[in-house]
Amino acid sequence: MRRSKPQPIRNKLDLTDRIQVRLIKKRLKLSETELTAIVGRIGNSLSAISKEATLQRSAAVPPAPAEVPPAAMIASTAGGEQTTPEAEAGAPSS
């Protein structure tokens, strides 16, 4: 008698299935320890794991650096002159 293979639940991660773990690690760009920690913390729901991985990735990205003025502006202020668009527009031309 032939028995059918039990179908896996599609929205849950089975940590004993090496192929499933490898695919999720590759898709979410996680290490084995990171994936295990996330599953231990929030459960084995694939959507929850994906959301948590995205949150971790966004928290790990450093904030953008403060806006740096252009080099011409820095050079002109170092020389003692201030050149701003308002100053140039208001200056009489000879």
Considering only segment 1-93, give the helices (runs of 4 or more DSSP H) lying wholly within it that have at least 1 residues that are at pLDDT 70 or above and hydrophobic (A, V, I, L, M, F, W, C). 18-28, 32-42, 46-60, 71-78
Among the residues that make up segment 20-28, is at least one of them β-branched (Val, Ile, Thr), exposed (fewer than 11 other Cβ atoms within 10 Å of the Cβ) and under 21 Å from the mean Cα position of the chain (by Cα)? no
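The values are calculated or read from the model by the stated rules, or taken from the named source; none is laboratory data. Here the structure is a predicted model, which is why all the values come from computation and not from measurement. Cβ atoms come from the backbone with ideal geometry, glycine included; neighbour counts cover every protein chain shown.
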